[in-house]
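Asker: So that we are looking at the same thing, I have put the structure below in structure tokens.
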């Protein structure tokens with residue numbers, strides 16, 4: 001049984017077969033899914049999915065790409081949404097300097113505001129960080145938040161260990177299976193299994209051998225198998241421990 005810690009089943013790429021797929025996942029060993037919001041609209045859609053499917057839970061937040069009309073009213077709307085009984089985290093929030101869709105100072109400001117929101121509503125955070133590893137780490141370190149996951153981690157192994165020591169989990173997805181994913185192999189090797197969560201980031205980042213295709217939670221198997229290979233333990237043990245980690249964080 002797998003705990004999918006990060007997916008976007010509200011995405012338009014699932015429009016044609018969403019109900020069929022989500023009805024199928026529990027029979028494929030998917031015990032829980034956290035569907036993660038990127039703006040107010042997708043946060044509400046995540047809640048609707050969580051209301052429709054017992055095994056799905058929701059996270060609400062504003063992704064650093066989606067800051068176009070964010071305001072203090074947006075933060076209050078997220079606060080209201082976070083009170084829903086199936087909302088388990090604030091996210092995904094953070095920094096993305098790869099595209100620089102918004103000024104870095106603006107990203108940092110609203111990242112801090114959402115961290116404060118998470119602290120005030122006592123929810124863990126789901127952190128997005130792309131090409132902004134040190135800035136993300138510095139903001140996280142300075143905040144009062146110490147519960148959450150660094151989603152789709154792409155930083156160094158030493159920084160992953162530092163995050164783990166601060167209390168955070170590290171999200172490992174399909175990249176660890178790529179031929180050029182050696183950096184993530186080093187991260188998994190450096191971390192205790194008790195600090196790792198598994199994720200697909202569906203519909204993105206399908207693991208080998210399905211790289212380039214639409215991703216979904218059934219591909220967790222390939223990520224678990226790769227982690228088991230690195231750790232030299234049974235895949236069932238990886239699924240068990242990462243599942244317990246996710247339940248401890250979100251529930």
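Asker: Within the stretch 167-177, take every residue that is under 14 Å from residue 224 (Cα atoms) and either surrounded by fewer than 16 Cβ atoms within 10 Å (Cβ to Cβ) or in contact (Cβ under 8 Å) with a residue 60 or more places away in the chain (or both) and give me the one that is nearest to the chain's Cα centre (by Cα).
Answerer: 171
Asker: In the stretch 65-122, what count of residues is obtained for those that are at pLDDT below 95 and within 17 Å of residue 36 (Cβ to Cβ)?
Answerer: 0
Asker: Are there any pairs, at least 6 apart or on different chains, whose C-beta atoms fall under 6 Å, with the first in the stretch 132-161 and without any contact (Cβ under 8 Å) to a residue 24 or more places away in the chain and at negative phi and the second surrounded by fewer than 15 Cβ atoms within 10 Å (Cβ to Cβ) and in a loop (DSSP other than H, G, I, E, B), and if so, which?
Answerer: That search, which allows pairs on different chains as well, returns 146/167.
The rows are residues; the columns are (1) without any contact (Cβ under 8 Å) to a residue 40 or more places away in the chain; (2) crowded, with 23+ Cβ neighbours inside 10 Å; (3) touching a helix residue (DSSP H, G or I) at 6+ places or on another chain (Cβ under 6 Å).
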{"position": "187", "(1), (2), (3)": "yes, yes, yes"}
{"position": "192", "(1), (2), (3)": "yes, no, no"}
{"position": "197", "(1), (2), (3)": "no, yes, yes"}
{"position": "201", "(1), (2), (3)": "no, no, no"}
{"position": "205", "(1), (2), (3)": "no, no, yes"}
{"position": "217", "(1), (2), (3)": "no, yes, yes"}
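Asker: Assess whether residue 164 counts as being crowded, with 18+ Cβ neighbours inside 10 Å and touching a helix residue (DSSP H, G or I) at 6+ places or on another chain (Cβ under 6 Å). Write out each step before concluding.
Answerer: On the way: crowded, with 18+ Cβ neighbours inside 10 Å: yes; touching a helix residue (DSSP H, G or I) at 6+ places or on another chain (Cβ under 6 Å): yes.
So residue 164 passes the test.
Asker: Looking at (1) free of Cβ contacts under 8 Å to residues at least 40 places away in the same chain; (2) under 30 Å from residue 194 (Cβ atoms), can you tell me which one residue 106 breaks?
Answerer: Residue 106 satisfies every listed condition except (2).
The values are calculated or read from the model by the stated rules, or taken from the named source; none is laboratory data. Since the model is a prediction, treat every value here as computed from it, not as a measurement. In this analysis, Cβ positions are derived from the backbone assuming ideal geometry, glycine residues included, and neighbour counts consider all displayed protein chains.
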